[in-house]
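For reference, the structure discussed in these notes is given below.
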Amino acid sequence: MVFASPKQILLDHLELKRDMAAADFGCGSGEWAVALARILEHGKVWGIDLLEEPLSAARSRARVAGLENLEFIRADAEKEIPRLKPESLDLVLMTNLLFQIDDKAAIFAEAKKVLKSKGKVLVIDWQEKTKLGPEKKVSPEEVKETAQKTGFELINEFKTGNFHYGLIFAKP
């Protein structure tokens, strides 16, 4: 079984600069946010999650890693996220998130609001045919349709590991 490596996906599929600003919507226990903060060593990363328990684990993980450029916010990414200013971010991550979201258009609208022009969204989610992961999955076609209706353009599509797909969108 091959699972996706957050660090490898970030390095292989995104043109990251060390001083970028980014957010991880639905950061959970912080695996992706920590990997991103290590790469963006002169930048800033915000991990956003609705639940306090995974945020607590994420804070611990960041503390152990000695990361001072990573901040966590308890918020609903389908609504306005406090402390994220409009057009302030270069990148938004949505990893293993969209299958849990009822209003996918709202989360893309929030990403569009906080991203700078040419800012990117990285979506990683479960392939429909895999038996692992959640019972209810979201197809790449549905994600592409929602993102494009919200004003994003698809710039890359790839398979990652044996169980996930990846999509990268850009804000015009």
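Using Cα pairs under 8 angstrom and six or more residues apart, how large is the relative contact order of the chain, in percent?
Answer for the chain is 20 percent.
Dipole magnitude of the chain about its Cα centre, charges +1 at Lys/Arg Cβ and -1 at Asp/Glu Cβ only, in debye to the nearest 20?
Approximately 340 debye in magnitude.
For the chain, what is the percent of antiparallel DSSP beta bridges, rounded to the nearest 5?
Numbers: 14 of 34 bridges.
Roughly 40 percent of the DSSP beta bridges within the chain come out antiparallel.
Could you please report the charge total around Arg18, scoring K, R as +1 and D, E as -1 over all other residues with beta-carbon less than 13 angstrom from its beta-carbon?
Result for the local shell: -1.
Where is the GNM fluctuation largest for the chain (alpha-carbon springs, 10 angstrom cutoff): Leu67, Leu98, Leu55?
Leu67
Which of Asp90, Asp103, Asp125, Asp76 has the fewest other C-beta atoms within 10 Å, and how do the rest follow up to the most?
Working: Asp90 21, Asp103 11, Asp125 26, Asp76 16.
Fewest-to-most ranking of Asp90, Asp103, Asp125, Asp76: Asp103, Asp76, Asp90, Asp125.
Could you tell me which of Asn69, Leu98, Ala23 has its Cα farthest along the dipole of segment 6-170 towards the positive end, charges placed at Cβ (Lys, Arg +1; Asp, Glu -1), taken about the Cα centre?
Projecting each Cα onto the dipole axis, the largest value belongs to Asn69.
So which lysines can Lys112 reach, going by Cα to Cα under 17 Å and dropping same-chain residues fewer than 8 places off?
Correct list for Lys112: Lys79, Lys85, Lys104, Lys120, Lys144, Lys149, Lys171.
If you take the Cα Rg of the chain and divide it by 2.2 N^0.38 Å, with N the number of residues, what do you get? Mind showing how you got there, number by number?
Working: Rg = 14.7 Å, N = 172, 2.2 N^0.38 = 15.6 Å.
My calculation over the Cα atoms of the chain gives 0.94.
Once you have a ≥ b ≥ c as the square roots of the Cα gyration tensor eigenvalues for segment 61-135, tell me rounded if a/c is under 1.5, and otherwise prolate or oblate according to whether a/b is larger than b/c.
Working: a/c = 1.88, a/b = 1.24, b/c = 1.51.
Oblate is the answer for segment 61-135, as a/c is 1.5 or above yet b/c matches or exceeds a/b.
From the helices alone, meaning DSSP H stretches of at least four residues, give me the mean residue ellipticity at 222 nm for the chain, per-run term -39500 (n - 2.57), in deg cm²/dmol to the nearest 500. Show your work: numbers first, answer last.
Values: 5 runs with 52 residues, N = 172.
It lands at -9000 deg cm²/dmol.
Which of His164, His42 has the fewest other C-beta atoms within 10 Å, and how do the rest follow up to the most? Mind showing how you got there, number by number?
Numbers: His164 22, His42 9.
Arranged by neighbour count, lowest to highest, His164, His42 become His42, His164.
None of the figures in this text is laboratory data; all of them are computed from the coordinates on show. Treat the numbers as computed from the prediction; the structure is a model and nothing was measured. Here the Cβ is made from the backbone with ideal geometry for all residues, glycine too, and neighbour counts use every protein chain on show.
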